[in-house]
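The numbers here are math on the coordinates, done by the rules we state, and not lab data. Since the structure is predicted, the reported quantities are computational estimates derived from the model, not experimental observations. Neighbour counts are summed over all protein chains in view; Cβ atoms, including those assigned to glycine, are modelled from backbone coordinates with ideal geometry.
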Amino acid sequence: MAWWVTDPGRARSEQAAVAELAEGAGWLSGIRWYVGDGLALTVDFDVAHAAETFPLTMTYAALHPYAPPRVVPRDGDRLSGHQYADGQLCLEYRSDNWVTSITGSMLIESAHRLIAGERVEGDREVPSAHHATLGQRTRGQPFRFLLMAQAERRLASIPEGTSVEALVSERMRAHTFVSTLLAVDGEAVAGAWEPGVEDSVQFPARVIALGPDMPKRGLTVDDMAAMLEGIGLGEDARRVRLQGDNVHVVLASPGDVAAYYIYDSKGARSSVEYRTLPVMDRGRRLPECYDALRDKVVGIVGTGSLGSKVAVTLARAGFARFVLIDDDLFLPGNLVRNELGLAAIGIHKVDALAARLAAVRGTVDVTKRRVALGGQESSGTTDSVLSDLAGCDVVVDATADPHVFNFCAAVALRKRLPLVWGEVFAGGIGGLVARVRPDFEPEPQVARGRIAAWFEARGIPAQAAPKANPYGGGPDGSWVADDAEVSVIAAHLSRLATDAIARPTDTIFPSPAYVVALRAGWMFSAPFETWPIDLPGVTEWSSETSVTSVEESLALIRELMPVVADDDDQPAT
């Protein structure tokens, strides 16, 4: 129902305020109230200035007084430089500064000030208080050129009046063409994405360094060619005009860069001008300690809803090397709570997740193992997968499977690696996250046993089956975890894994394990309740070898492989 029907008092006060303004202002006349399209309260009025009269219409918003009315010329004329493409005047009271105490009469006064201010003797521009965002300025411009800070600095170093070869990478997404520089004069520069990123195509380009006062925008093909000839770049002018030779051109001077694509269209040369989007260095976006993640390898066992989210979060944090282990396929039912999307359906999760990591991180090094660790695999396959895990710097078990945990724990203990694991409890009521580090927390299996004992001491059996429903049913008899609930636990797991590498001795987590509530029920009295679990006792991890085990190993080698060692227990020549 229209606002003026449900709030007639406000409507009457709006009418009274306009009438009062007209009585005291000789420049306002022709007031006529009516109901416009969509039951919008509307008023026509005329503003006089000097010898001119300007017919205007003000239409109240459907959500008035919580949104501003719009004022437009009734005859469709362009009255001001402060006017949107649809004719609406940009007045002092707008969506960005609107409050409910502003009235329609105040907008009418603002319209009069705008008209009178732009029509004083000698004409002058009324100062603008409107600051368009980058997104607002780019609307309706499907061709965009992302200029990274390193590329801009390189362009500024090219001598004025010269041209060099360049390499441009372009992607088309959502009906938008986005280009970025990859190299200038054979020197690689940091683009918005790295070479080989999915859906990107590379093109040769020509960078032309111009003086700061030379035109760079709004050029036709002939304008550009004539300008290039005028500064002695005849070969570049010829390429611009030559049909059959489509070319990307970047016109650059320090602090001012424009990009064009010149192509054949209906037997003639045509051009598209890109909207330049400068991407400046804005300082660090990640803690300095995260620099340690770049060369580290993270092993993730289980790339389902939990593991896929952990992987992508870790990639955003700075990890670029991954070992992904999972034999499962991505199927339509997985869409409701997984990092992957429709394009991944029917593909092994590790393969699709590797592509997702590349889309997020750029260049990544991913070892993909389509293997069910702890499942019915050959001993050789299992041993090979464990060897890949042993080469990691941190291991994440996202399976909630005790058999998988046994393998992960064995690798972590043998190679002295931090181990992170967790699970979303049945139905998404909450979850567990845990992390052990060599000699800071107990060995993995000991830690797991103490966590189970923590539950038992509170009379709460630790959940063993992911599909179990130990809560007696939810409000409708069942509970199902949604994407948000899985994402919460995945985020906590990711923080534990990142912390293990970025802060190896100065952790931000006072406890090694936490139980987190996502809703009330079972052991939780309220959502967001957190139960830290401390793991007291011996934290020193067993050594991989001992004097005794070395001697026993040498004896076994002599027995089983006599040709491998000589009498001095050295490799045979």
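A few points about this structure:
- Stretching LEU342 away from THR162 to a fully extended chain increases their span by 60.0 nm, per 0.36 nm per residue minus the current alpha-carbon distance.
- In the chain, a dipole from Cβ-located charges (positive for Lys and Arg, negative for Asp and Glu) runs towards its positive end, and of VAL249, PRO438, GLY87 it is GLY87 whose Cα lies farthest in that direction.
- Charge dipole (Cα centre; +1 on Lys/Arg Cβ, -1 on Asp/Glu Cβ; no other charges) of the stretch 288-533 amounts to roughly 180 debye.
- Using the Cβ-Cβ distance between ALA190 and LEU242 with R0 set to 25 Å, the FRET efficiency works out to roughly 0.20.
- The mean sequence separation of alpha-carbon pairs under 8 Å and at least six residues apart, normalised by the residue count of the chain, gives a relative contact order of 8 percent.
- Antiparallel beta bridges, as assigned by DSSP with both residues in the stretch 140-279, represent about 70 percent of the total such bridges.
- Peptide ranges 319-332, 502-515 listed from the most packed, as the mean C-beta count within 10 angstrom indicates: 319-332, 502-515
- At the listed q of 0.08, 0.11 Å⁻¹, the Debye profile of the stretch 288-533, built from one uniform point per Cα, gives log10 I(q)/I(0) equal to -0.28, -0.55.
- The chain: DSSP helices with Cα axial extent of at least 24 Å and average Kyte-Doolittle hydropathy no lower than -1.0: 8-24, 483-502
- Each of LEU155, MET214, ALA132 was placed along the dipole of the chain (beta-carbon charges, centred on the mean Cα), and the one lying farthest toward the positive end is ALA132.
- Nearest-0.05 FRET efficiency for THR176 and SER13, computed from C-beta distance (R0 45 Å): 0.45
- Cα centroid separation, the stretch 132-170 to the stretch 486-525 (Å): 42 Å
- Evaluated over the Cα positions of the stretch 140-279, the convex hull gives a direction-averaged projected area, one quarter of its surface, of 8.2 nm².
- Label sites at GLN136 and GLN88, each approximated as a point 7 angstrom past Cα along Cα to Cβ, lie 1.0 nm apart.
- Altogether, the Stokes-Einstein calculation at 37 °C and 0.692 mPa s, with the Kirkwood radius of the stretch 298-416 over Cα pairs as Rh, returns a diffusion coefficient of 231 µm²/s.
- Cα lying deepest toward the dipole's positive end in the chain, options PRO8, ALA344, ALA67, charges on Cβ: PRO8
- Note on the chain: with charges restricted to the Cβ of Lys and Arg (+1) and Asp and Glu (-1), its dipole about the Cα centre is near 1040 debye.
- At q = 0.11, 0.12 Å⁻¹, base-10 log of I(q)/I(0) for the chain (Debye sum, equal scatterers on each alpha carbon): -1.08, -1.12
- Stokes-Einstein translational diffusion, the stretch 231-294 - Kirkwood Rh over all Cα pairs, 1.002 mPa s, 20 °C, in µm²/s: 141 µm²/s
- Helix-only arithmetic for the chain: the sum of -39500 (n - 2.57) across DSSP H runs with n ≥ 4, divided by the residue total, places the mean residue ellipticity at 222 nm at -9000 deg cm²/dmol.
- DSSP beta bridges in the chain [antiparallel fraction, %, rounded to 5]: 70 percent
- Applying a DSSP loop filter and a limit of 16 other Cβ atoms within 10 Å to the trypsin sites (Lys or Arg not before Pro) in the stretch 382-466 leaves ARG416, ARG458.
- Ranked packing of 394-404, 106-116, 185-195, 71-81, most packed first, by mean Cβ within 10 Å: 394-404, 106-116, 185-195, 71-81
- If you plug the beta carbon distance of VAL35 and ARG414 into 1/(1 + (r/R0)^6) with R0 = 51 Å, you get a FRET efficiency near 0.05.
- Note on the stretch 1-77: the C-alpha convex hull projects to 5.5 nm² when averaged across all orientations.
- Length added when fully stretched, ASP264-VAL480, from 0.36 nm per residue minus Cα-Cα: 72.1 nm
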